[in-house]
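Notes follow once the structure below has been shown.
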Amino acid sequence: AYYAMVSLVDDETARILAALDALGLAEDTLVVFTSDHGEMLGDHELLLKGPMLYEPAVRVPLIMRWPGHLPAGARRDELTQWIDLGPTFLGVAGLPPLPANQGLDLVPLARGDASAPNRGWALCEYRNSGHPYDPPVHLTMLRHGNHKLIVQHGPPATARPRTGELYDLANDPHELHNLWDDPAAAETRIALERLLLDVMVATEDRSQPREAHW
């Protein structure tokens, strides 16, 4: 059934692209193909999604098509996030980003511009947002370079013990070896936890205007 659904999406996407070509609108239309989330289709003996932040669940397609503006068939290794789509669409339309925007316009990166902004990390947060668990599950994931850090938050956020996961995706792409408690990876874990603290401060909501110095 899953393969059938994938085939249906492929077929219907092809119809949309063919219609743009037939109407002469392809070069005036940026098409972005993505997904809301991945699925655990037996990976790690798990199904569906939820409080699991393995690559099959959090890494989703992001394909951009804009004939005459973006190179066809190019692949980029930089980390991007969904919050980048809003400023991308607004930029293509010639409009400024929203006031509280934290995303990046992906068009320069997709073009291969050497000066394209690149944050170098990706953040994923799970806040008791799927099927309920008792005690609740709160996870924060940081991807930086070849490493992925997942913090399972403990008290006072939840009664669960504070623990986590650390994966070296270059040497362990299937995330089979959790390095969280590995003494040899302690320095990497500490560096990523410190970076995560800075990232969480950087992504706090500061949309309210500042009225005075104090």
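The values are calculated or read from the model by the stated rules, or taken from the named source; none is laboratory data. Since the structure is predicted, the reported quantities are computational estimates derived from the model, not experimental observations. Cβ coordinates were reconstructed from backbone atoms using ideal geometry, including for glycine residues, and neighbour counts include every protein chain displayed. Remember, those area values only see protein heavy atoms, side chains included, never the ligands or the DNA or RNA. Shrake-Rupley method; radii C 1.70, N 1.55, O 1.52, S 1.80 Å.
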(message) Just the residues that are hydrophobic (A, V, I, L, M, F, W, C) and closer than 21 Å to P56 by Cα, please, taken from the stretch 147-179.
(response) L149, I150, V151, L166, L169, A170, L176, L179
(message) Exactly one condition in (1) in contact with an Asp or Glu (Cβ under 7 Å, 6 or more places away or on another chain); (2) of a type in the set (S, T, Y); (3) in a loop (DSSP other than H, G, I, E, B) is false for Y167; which is it?
(response) (3)
(request) Using the structure shown, decide if N178 is at pLDDT 95 or above, surrounded by fewer than 13 Cβ atoms within 10 Å (Cβ to Cβ) and of a type in the set (S, T, N, Q). (result) no
(message) Anything in the stretch 10-36 that is exposed (fewer than 13 other Cβ atoms within 10 Å of the Cβ) and either within 24 Å of R59 (Cα to Cα) or within 26 Å of the chain's Cα centre (by Cα) (or both)? List them, or say none.
(response) D10, D11, E12, A14, I16, T34, S35, D36
(request) For G73, state whether it is part of a loop (DSSP other than H, G, I, E, B) and in contact with a helix residue (DSSP H, G or I) (Cβ under 9 Å, 6 or more places away or on another chain). (result) no
(request) Go through E27, E78, E45 for me and flag whichever is out of contact with any strand residue (DSSP E or B) (no Cβ under 9 Å at 6 or more places or on another chain) and within 25 Å of P132 (Cβ to Cβ). (result) E45
(request) Look at the stretch 78-103 and say how many of its residues are open to solvent by less than 50 Å² (accessible area, probe 1.4 Å) and under 16 Å from L30 (Cα atoms). (result) 7
(request) Scan the stretch 29-55 residue by residue and report those that are modelled with pLDDT of 85 or more and of a type in the set (G, A, S). (result) S35, G38, G42
(request) Check G103, G68 and return the single one that is more than 30 Å from D168 (Cβ to Cβ), at pLDDT below 95, touching an Asp or Glu at 6+ places or on another chain (Cβ under 7 Å) and assigned to a loop (DSSP other than H, G, I, E, B). (result) G68
(request) May I ask you to list pairs of residues, at least six apart or on different chains, whose Cβ atoms are under 7 Å apart, with the first in the stretch 65-80 being of a type in the set (D, E, K, R) and the second being open to solvent by 50 Å² or more (accessible area, probe 1.4 Å) and modelled with pLDDT under 95? (result) E78/N118
(request) Kindly indicate which of Y133, Y126, Y167 is open to solvent by 50 Å² or more (accessible area, probe 1.4 Å), within 21 Å of Y54 (Cα to Cα) and either hydroxyl-bearing (S, T, Y) or in contact (Cβ under 8 Å) with a residue 24 or more places away in the chain (or both). (result) Y133
(message) So L53 passes all but one of these: (1) more than 21 Å from S129 (Cα to Cα); (2) not in a helix (DSSP H, G or I). Which condition number does it fail?
(response) (1)
